[in-house]
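J.: Starting off with a structure, shown below.
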Amino acid sequence: IRDSNAARQLSALGYNVSVIDSRIDIGNKLCTGIVGAECLRNYPADPSMIYRSAREARIVAPNGHVSDIEHPNVQAHIIDRVSYVSAFATEAMRLGAKYYLGHRVVDIEVSPSNVTVQLQSGPKNLCLIGKTVVLACGFGSGLPSSQALSDWAISQLASRETVSYTHLRAHETR
């Protein structure tokens with residue numbers, strides 16, 4: 001939900017936002033659909049998207065050891081993840097965010113005046129230029145450790161400017 005929620009929040013503030021996702025179907029990725037209670041407190045879901053709530057769980061270790069845990073309050077919810085994420089994306093689009101589905105980020109170039117993001121979708125290439133890039137690519141991407149972003153972060157620290165480096169993937173082009 002990181003990318004669509006960030007896009008929704010930034011669009012609501014009036015920023016021009018682009019979201020780049022290699023998937024064609026928003027929210028359709030391998031995931032258990034289990035979210036913590038805090039997640040739904042902060043980012044509520046339509047009740048129809050919540051399959052079940054849990055205050056207890058049974059954990060089975062690879063060696064067969066079983067642990068039962070229980071809490072008096074609900075700790076997690078099992079949700080329809082695709083609908084949940086799609087709802088954020090739909091709201092972000094309604095607020096003006098543009099989605100580039102089926103595109104991959106192949107390069108990010110950072111200069112003092114802008115950020116250039118190179119996209120690829122099959123044989124087609126596209127270039128987006130903006131002032132800020134927010135990454136929400138998770139653990140499987142090399143983007144957070146790319147040389148351009150590392151050099152930029154170091155130069156910002158050297159100039160004593162505050163650097164906020166979060167893993168959200170929305171591209172602000174305001």
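The values are calculated or read from the model by the stated rules, or taken from the named source; none is laboratory data. Since this is a predicted model, take the numbers as computed values, not measurements. Reconstructed Cβ throughout: ideal geometry from the backbone, glycine too, with neighbour counts over all protein chains shown. Protein only, heavy atoms only, side chains kept; ligands, DNA and RNA dropped before computing areas. Shrake-Rupley method; radii C 1.70, N 1.55, O 1.52, S 1.80 Å.
Residue by residue, here is whether (1) hydroxyl-bearing (Ser, Thr, Tyr); (2) open to solvent by less than 30 Å² (accessible area, probe 1.4 Å); (3) modelled with pLDDT under 85; (4) in a strand (DSSP E or B) holds:
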position: Val133; (1), (2), (3), (4): no, no, yes, yes
position: Asp151; (1), (2), (3), (4): no, no, yes, no
position: Ser155; (1), (2), (3), (4): yes, no, yes, no
position: Arg160; (1), (2), (3), (4): no, no, yes, no
position: His167; (1), (2), (3), (4): no, no, yes, no
position: His171; (1), (2), (3), (4): no, yes, yes, yes
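J.: Under 9 Å by Cβ, and 6 or more places apart or on different chains, what pairs join a residue from region 5-26 that is open to solvent by 50 Å² or more (accessible area, probe 1.4 Å) with one that is assigned to a loop (DSSP other than H, G, I, E, B) and among the polar types (S, T, N, Q)?
T.: From region 5-26, the pairs are Tyr15/Thr173; Asn16/Thr173.
J.: While we're here: Among the candidates Asp80, Asp107, which residue alone is acidic (Asp, Glu), touching a Gly at 6+ places or on another chain (Cβ under 8 Å) and surrounded by 13 or more Cβ atoms within 10 Å (Cβ to Cβ)? Let's see the steps before the verdict.
T.: On the way: Asp107 fails: touching a Gly at 6+ places or on another chain (Cβ under 8 Å).
Going through Asp80, Asp107 in turn, the sole match is Asp80.
J.: List the number of the failed condition for Pro44; all other conditions in (1) part of a loop (DSSP other than H, G, I, E, B); (2) touching a residue at least 24 places away in the same chain (Cβ under 8 Å) hold.
T.: Failed condition: (2).
J.: Separate question: Can you spot a residue in region 54-77 that is touching a Gly at 6+ places or on another chain (Cβ under 7 Å) and open to solvent by less than 60 Å² (accessible area, probe 1.4 Å)?
T.: yes
J.: Right, another one. If a residue has to be surrounded by 13 or more Cβ atoms within 10 Å (Cβ to Cβ) and not aliphatic (A, V, I, L, M) to count, how many in region 115-131 make the cut?
T.: 6
J.: Which ones in region 27-41 are of a type outside the set (Val, Ile, Thr) and open to solvent by 40 Å² or more (accessible area, probe 1.4 Å)?
T.: Asn28, Lys29, Leu30, Cys31, Glu38, Arg41
J.: Then there's this: Please list, ordered by residue number, the strands (runs of 3 or more DSSP E) wholly in region 59-111 having 1 or more residues that are under 21 Å from Tyr15 (Cβ atoms) and touching a residue at least 40 places away in the same chain (Cβ under 8 Å).
T.: Those strands (runs of 3 or more DSSP E) span 98-101, 104-110.
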